[in-house]
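Shown next, in structure tokens, is the structure this report addresses.
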Amino acid sequence: MRLHVLGCGDAFGSGGRHQSGYLFEGSDRLFLLDCGPTTLLAMKRAGFAPRCLDAIILSHLHGDHFGGIPFFFIEYLYQNPPASPVTIAGPPDTRERVMELCKLMYGSGKSPAQNAPFTFQILHPNESTSVKGIEVFPFRVPHQTADISLALKVTYDGRRVLFSGDSAWTDEFITHARGMDLFLCECSFFTEQPAMHVDYQKLQANRARLECKKLLLTHLGEEMLARKNELEVPLAEDGMVLTI
Ligand SMILES: [Zn+2]
Ligand SMILES: [Zn+2]
């Protein structure tokens, strides 16, 4: 399985990096983890046809993680319909939030959300599920209070990936990273942060406890980018291709 990093930036586009989007190319499936506003263009730049996408799996419903979906709707409506209906899987309210967003962005005359060939699937914390044959185990992480933010354990082609989504540090990462081929972990900041995101100092303090084969940091903010040369863990780059 190959991972194409389409966007490893934070919500602010720090360093000119694209917002959250990770394209996985398996033997028989092409799927995204997260779909930030820049994902469609980055997917095309990477040489992939959006019509070949099987699923979009969302960690949470912040704009930098799902704000790109309306562009896929209009791509499918007006340019190239997908080969088969694309499944959008995400936390509770995904369907409502996506449809609301499409309506806000493109009006209600011909609502893409009502016409485009999508199906929705809700991910419930701690319930393993199959999304088009891709095994997904979501668990709740501390990032928002009212709404649910998920980390995603994804298994396909015998390869296992843990994606933190956006989250403050939690020891759940120690448990779930065990045996993973890749832990794709957000690390927005370098210095310790109070609430919503992982910081490098906290991550390094726990580094020895993470029993994953590979660790890659993503969702990088200005502070991380400014201290790039001091870091002992590899950073994601837009356009990076990784064989897992
Ligand atoms: Zn984010
Ligand atoms: Zn977020």
Over the chain, with neighbouring protein chains present, the accessible area per residue in Å² at probe 1.4 Å is 41
Whole-number D in µm² s⁻¹ for region 192-241, Kirkwood Cα-pair radius fed into Stokes-Einstein, 37 °C, 0.692 mPa s: 272
Residue-ordered couplings for region 28-38, obtained by feeding phi - 60° into the Karplus form 6.51 cos²θ - 1.76 cosθ + 1.60 and rounding to whole Hz (Gly and Pro as x), are 9, 9, 10, 9, 10, 9, 6, 8, x, x, 9
On C-alpha positions alone, give me the angle between the axis of helix 94-106 and the longest principal axis of the chain, in degrees, nearest 10. 60
Translational diffusion coefficient (Stokes-Einstein; Kirkwood radius from C-alpha pairs) of region 153-244 at 25 °C, 0.890 mPa s, in µm²/s: 183
Could you pull out every residue, at least 5 positions away or on a different chain, whose amide H is within less than 5 Å of the one on residue 165? Hs are placed 1.01 Å off N in the peptide plane, and Pro or chain starts have none. 152, 186
Within the chain, the percent of DSSP beta bridges that are antiparallel, given to the nearest 5, stands at 55
Taking 7 Å along the Cα-to-C-beta vector as the label spot, tell me the residue 129-residue 178 distance in nanometres, rounded to one decimal. 2.6
Rounded to the nearest 10 Å², the accessible area of residue 35 using a 1.4 Å probe with every protein chain kept is 0
With 25 Å as the limit, write out which pairs from 44/213; 44/132; 202/228 have Cα-Cα distances beyond it, or answer none. 44/213
With Cα springs under 10 Å, the Gaussian network model of the chain assigns the largest mean-square fluctuation among 231, 40, 216 to 231
Cα centre as origin, Lys/Arg/Asp/Glu Cβ charges: region 1-66 dipole, Debye: 220
Would you compute the Debye intensity of the chain from its alpha-carbon atoms alone, equal scatterers and no solvent, and pass along log10 I(q)/I(0) at q = 0.17 Å⁻¹ to two decimals? -1.29
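The values are calculated or read from the model by the stated rules, or taken from the named source; none is laboratory data. Given the structure is predicted, the values throughout are model-derived calculations rather than measurements. Reconstructed Cβ throughout: ideal geometry from the backbone, glycine too, with neighbour counts over all protein chains shown. Note: areas computed on protein heavy atoms with side chains; ligands, DNA, RNA excluded. Shrake-Rupley method; radii C 1.70, N 1.55, O 1.52, S 1.80 Å.
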